[in-house]
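None of the figures in this text is laboratory data; all of them are computed from the coordinates on show. All values reported here derive from a predicted model rather than from experimental measurement. We place every Cβ from the backbone using ideal geometry, glycine too, and count neighbours over all the protein chains shown.
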Amino acid sequence: MEAKELIDKLEIHHALTAEEWKTLLLQRDDNTASYAAERAVAVRRRIYGDEVYVRGLIEFTNYCKNDCYYCGIRTGNKNADRYRLTESEILDCCAHGYELGFRTFVLQGGEDPHLTDEYLCTLVQRIKDTYPDCAVTLSVGERSKESYRTLYKAGADRYLLRHETADPAHYERLHPAALRLDNRKRCLYDLKEIGFQVGAGFMVGSPYQTTDCLVEDLLFLKELSPQMAGIGPFIPHADTPFSDRPAGSLEQTLFLLSLIRLMLPQVLLPATTALATIHPQGRELGLLAGANVVMPNLSPRGVREKYKLYDGKVCTGEEAAECMNCLQKRINSVGCRIVVDRGDYKKETESCTT
Ligand code: SF4
């Protein structure tokens, strides 16, 4: 089948076989990518209209016990300048974000042993008590099912946990032996079963990634059917074993965003900071490929430089929450608009009819 026929098939059936995915990925060229983007934007418009959701990202700790080979805040990086925000600093971020119109706060951190259930539950409850109209998203890594259940009961609404690669052999090349793909997947299924809106996702162009790995990623995303999918290019960090590896490509990332929109039409799909890091118009291009979420940084200015998962991460200007006007203008320039809204996942029946 030709690439365009496969894209049409994907739009209608929301699924392809492994062989079809591989054919489509290998046939990517400018025409195919433009066609996929055009279809993806049409699907997004049908479901979310011209609305783009903003999430206030609060990077509240860069301590992590893990040693993922691609990550700048891995425990083995002795050059990382570690910090942990206090509860009152986190609440200040929320207050600032609320004023700016944010109705979702994303608490993101490494797997910091300090983050006990008790600590996180108190934090989530304080935020929810103060801002009952806001959603709280947690992104604090792998935990037990019991722990996830406790966090959900405390009021957390969503959970982000990228699977990074769904190919077991590839997973082993990106992570130390202590980290297992089957446990990562177990976490994602547990989170979904408990009732969280769940976000999975992967890096595009990570070391040793093949087309077959990407096929596995797409099949896994379909099987899990998460409410959110975070897809960004791999970007090397100087203090990691992958410091000399090339970054993932803008074009391939955009193509995958479009394909994921067609496969999971309702998915909440961010134009990621990594995309904005590899291209000055990365955010806008992401929206033009089918994304519908942006996550400006609400962390205190003093710590933004320290939460470096990869090198060159943009953390000023429109990436920062302060410049909401600039961000709004950029988003308007591609026919979308930022809305003051929790930005929950929409079921098909809630689709926009305009
Ligand atoms: S990717 Fe996440 S779990 Fe792995 S080292 Fe970085 S912060 Fe820790």
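Taking amide H positions as modeled 1.01 Å from N, with prolines and chain starts lacking one, the residues under 5 Å from THR104 and 5 or more places away or on another chain are GLY56, ALA135.
Couplings for segment 12-23, taken from phi via the Karplus curve 6.51 cos²θ - 1.76 cosθ + 1.60 with θ = phi - 60°, read 7, 9, 6, 7, 9, 7, 4, 5, 5, 4, 4, 4 Hz in order; Gly and Pro are left as x. Using a Förster distance of 45 angstrom, determine the FRET efficiency expected from the C-beta separation of THR130 and SER243, and round it to 0.05. So the FRET efficiency works out to roughly 0.60. Using the Karplus relation 6.51 cos²θ - 1.76 cosθ + 1.60 with θ = phi - 60°, the per-residue 3J(HN,Hα) values for segment 63-77 come to 6, 8, 7, 8, 9, 3, 5, 9, 9, x, 10, 4, 4, x, 8 Hz, with x marking Gly and Pro.
In this simple spin-label model, placing a label point 7 Å from the Cα along the Cα-to-Cβ direction at both ASP117 and SER144 gives a separation of 0.7 nm.
Taking trypsin sites (Lys or Arg not before Pro) in DSSP loop conformation with at most 10 other Cβ atoms inside 10 Å as exposed sites, the chain has its longest uninterrupted site-free stretch at 79-346. Place a label point 7 angstrom from the Cα of ARG186 along the Cα-to-Cβ direction, then list the residues of segment 128-148 whose backbone nitrogen is under 19 Å away. Correct set: 140-148. Over 22 Å apart at the Cα level, from the set LYS145/LYS347; LYS306/LYS329; LYS145/LYS185, are LYS145/LYS347; LYS306/LYS329. Net charge in the neighbourhood of SER88 (other residues with Cβ under 15 Å of its Cβ; Lys, Arg +1, Asp, Glu -1) is -2.
Working note: Karplus 6.51/-1.76/1.60 with θ = phi - 60° gives segment 25-35 the couplings 5, 6, 9, 4, 9, 4, 5, 4, 5, 5, 5 Hz, where Gly and Pro are set to x. Think of segment 3-343 as having a plus end and a minus end, set by charges on the Cβ of Lys, Arg, Asp and Glu; of TYR152, TYR69, LEU257, TYR152 sits farthest toward the positive end of this dipole. Applying Stokes-Einstein at 25 °C and 0.890 mPa s to the Kirkwood radius of segment 3-343, computed over alpha-carbon pairs, gives a translational diffusion coefficient of 123 µm² s⁻¹. Placing unit charges on the Cβ atoms only, positive for Lys and Arg and negative for Asp and Glu, gives segment 53-109 a dipole magnitude near 280 debye about its Cα centre. Placing +1 on each Lys and Arg Cβ and -1 on each Asp and Glu Cβ, with no other charges, gives the chain a dipole about its Cα centre of roughly 380 debye. Computed from point charges on the beta carbon alone (+1 for Lys and Arg, -1 for Asp and Glu), the dipole magnitude for segment 183-250 about its Cα centre is near 140 Debye. Taking amide hydrogens as placed 1.01 Å from N in the peptide plane, the amide H of GLU164 sits under 5 Å from those of GLY201, PHE202, MET203, each at least 5 positions away in sequence or on another chain. The amide H of VAL339, built 1.01 Å from its N in the peptide plane, has VAL52, VAL54 as neighbours under 5 Å, considering only residues 5 or more places off or on other chains. Subtracting the Cα-Cα distance of ASP311 and GLN27 from their residue separation scaled by 0.36 nm leaves 99.2 nm.
A crude spin-label estimate for the pair LYS329 and GLU38, with each label 7 Å from Cα along the Cβ direction, gives 3.1 nm. Length gained on full extension, ASP92 to ASP341, computed as 0.36 nm times the residue gap minus the Cα-Cα distance: 87.7 nm. Reported to the nearest whole Å, the Cα centre-to-centre distance from segment 153-213 to segment 281-306 is 21.
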